[in-house]
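The numbers here are math on the coordinates, done by the rules we state, and not lab data. The shown structure was predicted, so the numbers you read here are calculated from the model rather than taken from an experiment. Ideal geometry is used to build each Cβ from the backbone, glycine not excepted, and the neighbour counts take in all protein chains shown.
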Amino acid sequence: MELGCRNLVGYCGGLCLLYFLFISSISPTAAVGEEDPSSSSALIISRFQKYLQINTAHPNPQYYEAVDFFISQAKSLSLESQTLEFVKGKPLVLLKWPGSDPSLPSILLNSHTDVVPAEHDKWANHPFSAHIDSHGNVYARGSQDMKCVGLQYLEAIRRLKASGFQPIRSVYLSFVPDEEIGGHDGARKFAESDIFKDLNVGIVLDEGLASPNEHYRTFYAERSPWWLVIKATGAPGHGSKLYDNTAMENLLKSIESVRRFRASQFDLVKAGLKAEGEVISVNMAFLKAGTTSPTGFVMNLQPSEAEAGFDIRVPPNGDPEALERRIAEEWAPTSRNMTFRFKHKVSVFDKSGRPVLTATDSSNPWWILLEEAVIKANGKLGKPEIFPASTDARYFRELGLPAIGFSPMANTPILLHDHNEFLNKDEYLKGIEAYESIIKAYASYVENPRSAGSKDEL
Ligand SMILES: *[C@@H]1O[C@H](CO)[C@@H](O)[C@H](O)[C@H]1NC(C)=O
């Protein structure tokens, strides 16, 4: 069936939206319980391996293999499914577990299907073999980031269905492409679509990070990338001459200033006053200067131009105006014949001017429910954090929706994008229990029952 539709894609141009008919499986799930063979740990782990073995690494992710995998999982769980292609060749699978009250905002469990490339020769085992060692560690690219989460959602739903649980709110699962290359053709297009609007989403769960200790980590915001390029110009001259205001001298003054600022931010982290995600980070990404010669650089010439590029990450509760001023007045002042531009700059504010973050206090019932549900599943939560880099969650938060980043991996070294990425199978199974508890709490949460009652009276 996917094959047929894939051929159809060839006829679509530009922003192509392809629907699958909602498939409602006719075969009802057999009465399940502990005897249900599909709920055995061995089978759960073998399904995890199967997903990990699909090579969805850039630059040539096998997205359609992942689509086929999820469509067949959906069938086995009697979930409705559709495949969307906002951009040709970049399919997104959307599954639905319908709730009994479709008027209530729904729950979206998001995960990305792509992974970053792996340097095969630096791994002890092939990164797409999903080898399990004697400790139960499952080694594969994507085992932490974030194929674990995508399938844990489904395994949790499998358990809830087996227990006879019926959701009141609808639960959607989105398996999106391209997160690792910015999510522009995946989660971003999805979040901006009419289809998404029609889902009436009330809360989004997305990825977090592994935790080396026993506390799960949660993320309520992320830092915005500002990719800054500063450029200095100055009179060229002989390499032997001492004179003021050369491009190199002007740029070096700026670099010194940037480094002082970097150290001041890093000191706050080192002193334990702020977490990594709470400070503005600045790292030099490139230095571009010099006059090239066939053997390298001309050495007796002071160049007339010099450039440096910085990857800056700004937390949503940072002070972006102060940073803008610092850039204009200290890092690239016109008085020093310097200019600056941003290669990429994401606002720390949403469309209505509010900082892009999800509340983690009693003002946000979804946060309280998650906290309680994790504890109920015998999990421990650390203090909520700002994600140090970017994830797809930002596209949902920018719409004003609450989104919580959570990948239940405690007692696990942080190995995303690293060699020999792994997740222990017991940790994976524990994570399923955490999601079972969370999905159950979310899907049975009836917001503001009083106002629902008054609606009935009208
Ligand atoms: C800026 O450029 C002008 C024109 O080239 C030059 O006269 C001046 O000295 C430069 N100033 C600095 C601080 O580099």
Check: Do we have Thr291 as touching a strand residue (DSSP E or B) at 6+ places or on another chain (Cβ under 7 Å), within 26 Å of Ser174 (Cα to Cα) and away from the ligand (no atom under 16 Å from the Cβ) here?
Finding: no
Next item on the list: Please work out which residue is surrounded by the fewest Cβ atoms within 10 Å (Cβ to Cβ), limiting yourself to the range 199-235 and to residues that are among the β-branched types (Val, Ile, Thr) and within 16 Å of the ligand (Cβ to nearest atom).
Entry: Thr233
Check: Is it fair to say Ala359 is more than 22 Å from the chain's Cα centre (by Cα), outside any strand (DSSP E or B) and at negative phi?
Finding: no
Margin query: For the range 236-292, give me each residue that is of a type in the set (Ser, Thr, Tyr) and loosely packed, with under 15 Cβ neighbours inside 10 Å.
Written below: Ser240, Tyr243, Ser264, Thr291, Thr292
Margin query: Go through the range 80-111 and report how many residues are assigned to a loop (DSSP other than H, G, I, E, B) and either closer than 15 Å to Ala443 by Cα or of a type in the set (Val, Ile, Thr) (or both).
Written below: 9
Item checked: Count of residues meeting criterion [under 16 Å from Pro177 (Cβ atoms) and either surrounded by 24 or more Cβ atoms within 10 Å (Cβ to Cβ) or in contact with a Lys or Arg (Cβ under 6 Å, 6 or more places away or on another chain) (or both)] in the range 112-140 -> 4
Next item on the list: From the list Arg313, Arg336, pick out the single residue that is within 16 Å of the ligand (Cβ to nearest atom) and crowded, with 17+ Cβ neighbours inside 10 Å.
Entry: Arg336
Next item on the list: Could you look through the range 262-294, keep only residues that are free of Cβ contacts under 8 Å to residues at least 40 places away in the same chain and among the polar types (S, T, N, Q), and pick out the one that is nearest to Ala247 (Cα to Cα)?
Entry: Thr291
Notebook entry, point to check: Taking the stated definitions as given, is Tyr153 touching a residue at least 24 places away in the same chain (Cβ under 8 Å) and part of a strand (DSSP E or B)?
Noted result: no
Margin query: Looking only at residues that are touching a Lys or Arg at 6+ places or on another chain (Cβ under 8 Å) and not charged (D, E, K, R) in the range 252-264, which one is farthest from Pro333 (Cα to Cα)?
Written below: Phe261
